[in-house]
Structures are given as C-alpha cells and as structure tokens.
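Scroll down for the structure; my scribbles are underneath it.
The values are calculated or read from the model by the stated rules, or taken from the named source; none is laboratory data. Small disclaimer: the values here were computed from a predicted structure and weren't measured. Cβ atoms come from the backbone with ideal geometry, glycine included; neighbour counts cover every protein chain shown. Surface accessibility is based on the protein's heavy atoms, side chains included, excluding ligands, DNA and RNA. Shrake-Rupley method; radii C 1.70, N 1.55, O 1.52, S 1.80 Å.
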Amino acid sequence: MRPALTKFPERIDGLVNAAGVPRILDRDIVARVNYLGTRHLSYELLCRMPKGASIVNFASLSDTEWPKRVDLHKELADTQSFADGLTWLAAHPVPQETCYQYFQALIVWSASASFDLYMRRGVRMNTVAPEPDWTILGDFCAMRGRGYERRVEGRPVETHARAPRVQLDAQRTL
C-alpha cells in the first residue's frame, strides 16, 4: 500500500472508502481489503486531513452474529497496524464461510473510533451501511443460497442512488 499512498494529494478534505470484495475470494484477501486495508488507508492519510475533513466508510449490515463476537472484534480493532492485524488474524482465524460478514461488522463497529478522531483531529468518520446493491447482489445470492434475491426487502439500490448520502456525509461542516 505504501506506493499507492504517494498518489494521494498532500491535503485531503474527504475520503470515501468504498472498496470491498465478496466472500467468494479467499478470507485473507477479504480481511486485507474489507477491513485492514480500509483502516490502514484511513489512518495513513489522517495526517493530510485538516480539521473539518471527513471519512465515509461503506459497509454492510449482513452480519447479525457480531454481538456474539464483540470481544474478538474489539481485540482486532485494537491492533495498531496492518501487520499487527494480520498477526492477530493468524492466531484467530475467521471461517471462510462467514469472513465477509465478519469484516463488514468490524467496519460498522469501528465507526466507534469516530469519536476519538473527531476529538483529537476534528475529522468526522461515518459509516454508510446500505441495503443490497445490484452490483453485488449476485455474490449475496451465492453466499446466502437459492431464493435470497426474493427475500431482499424492498428493491436493491442502484449504486448511483447512494451518491447524495455519501456526498452529504463527506461535506465539510466545520
């Protein structure tokens, strides 16, 4: 990730973390992209963010089991670096079948760090945890089994329909 950091401008007023991969990929990749990479990128770029900047994280509400693992989520979230997170995960492997949900719950839970970011740096961090998206509905159906698309409440949203919410969250308000 270090070479990619040089591509960002010196001043960053807003960061939208919308990258993510489905659980059909190896759990190590899901961990690196969906949680550790998002967190690492945000903290590495924080020094370039002035007071009033914003971070918006995309996540999913697909995990209903996180309360059973809250202590583990806290331990992983408390690791200090990308490498520390990988070490923790090696000692506490996440099952392939639930890796997507596990790391999505961590993004939502990690939003609790937003208070500290705001108090120390004046940077707001919000998490957008939307309904299913047409761009990933096929992966959800594969993950959840046949007929899942008929159980989705409402209609899956088009990706562009989220833009106004993300823009609102990313606007500088200070």
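Details
- Heavy-atom accessible surface of MET119, to the nearest 10 Å², is about 120 Å², with a 1.4 Å probe and all protein chains retained.
- Between HIS92 and GLU44, the distance separating the two model label sites (each 7 Å from Cα on the Cα→Cβ line) works out to 2.4 nm.
- Inter-label distance for ASP71 and ASP116, nm, one decimal - labels placed 7 Å from Cα along Cα-to-Cβ: 2.0
- Here the range 37-76 has an Rg and Dmax of 13.8, 37 Å, counting Cα atoms alone.
- Dipole check for the range 52-97: with +1 at the C-beta of Lys and Arg, -1 at the C-beta of Asp and Glu, and the Cα centre as origin, the magnitude is about 80 Debye.
- Calculated P(r) of the range 7-97 - Cα pairs past 16 Å, %: 61
- Proximal lysines relative to LYS51, as straight alpha-carbon distance under 28 Å, when same-chain residues fewer than 8 apart are discounted: LYS7, LYS74
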